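Accompanying notes for the structure given below.
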């Protein structure tokens, strides 16, 4: 596989469930990101990892817990979510440095019921 | 607060016309600028990047950058209905890692047959 792969594509979960989103990149990039995209709102940066070390946490509620076991894999663990957390969750990767853009995964459409 | 602003649209143009999408940014130290296209329900895909003042052309797309005015634009020549999407302007911040983007809210483009 090439590019950035996210699973699952769609997820419906209850507020008391625990689930995880997975992201894998096959591009040799050294930074990975989680973004949230809600309807009619800009992309919101959630977490940033450089060489599997977290370098940014944008005041994200603790019910979202990231994990980056190596530079190719990124997880977002979810627990006791709220209906307002329903959104498209996007994983991206990039090389560090000014000249490099992101490559996004296809996203996970999350619905919290 | 680093900001990127775009007109949310929708911008409607007839097929074959030139579509002009505009973006302004607040961080004067920004060095790298990117345009992403996002179809409804899909993830953003990178279409253009620009780093130097002036124009950069790639097929039907031309990116224009004016750092003095903190302004970047995207022109789409010979617009096609398949160009109908939301276009996101992204500015890479000048930080230690060269990793962080700020995304604009996006401009929705509708190309009418």
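The values are calculated or read from the model by the stated rules, or taken from the named source; none is laboratory data. Just so you know, these numbers come straight off a predicted model, no measurement behind them. All Cβ positions, glycine included, derive from the backbone under ideal geometry; neighbour counts span all protein chains shown.
Residue B:43 - would you say it is touching a residue at least 12 places away in the same chain (Cβ under 8 Å) and out of contact with any helix residue (DSSP H, G or I) (no Cβ under 9 Å at 6 or more places or on another chain)? So residue B:43 fails the test.
The strands (runs of 3 or more DSSP E) found entirely in region A:33-100 that carry 2 or more residues being surrounded by 19 or more Cβ atoms within 10 Å (Cβ to Cβ) and within 8 Å of chain B (Cβ to nearest Cβ) are A:44-50, A:87-94.
Go over the candidates B:40, B:79, B:52 one by one and state the one that is surrounded by 21 or more Cβ atoms within 10 Å (Cβ to Cβ) and part of a loop (DSSP other than H, G, I, E, B).
Result of the check over B:40, B:79, B:52: B:79.
Taking the criterion of being under 16 Å from the mean Cα position of the chain (by Cα) and either at the interface with chain B (Cβ under 9 Å from one of its Cβ atoms) or assigned to a loop (DSSP other than H, G, I, E, B) (or both), the residues of region A:101-113 that qualify are A:102, A:103, A:104, A:105, A:106, A:107, A:109. Here residue B:10 clears all of (1) buried (at least 18 other Cβ atoms within 10 Å of the Cβ); (2) within 14 Å of chain A (Cβ to nearest Cβ); (3) touching a residue at least 40 places away in the same chain (Cβ under 8 Å); (4) farther than 22 Å from residue A:3 by Cα except the condition numbered (1). Every condition in (1) crowded, with 18+ Cβ neighbours inside 10 Å; (2) at pLDDT below 95 is met by residue B:113 except one, and the failing one is (1).
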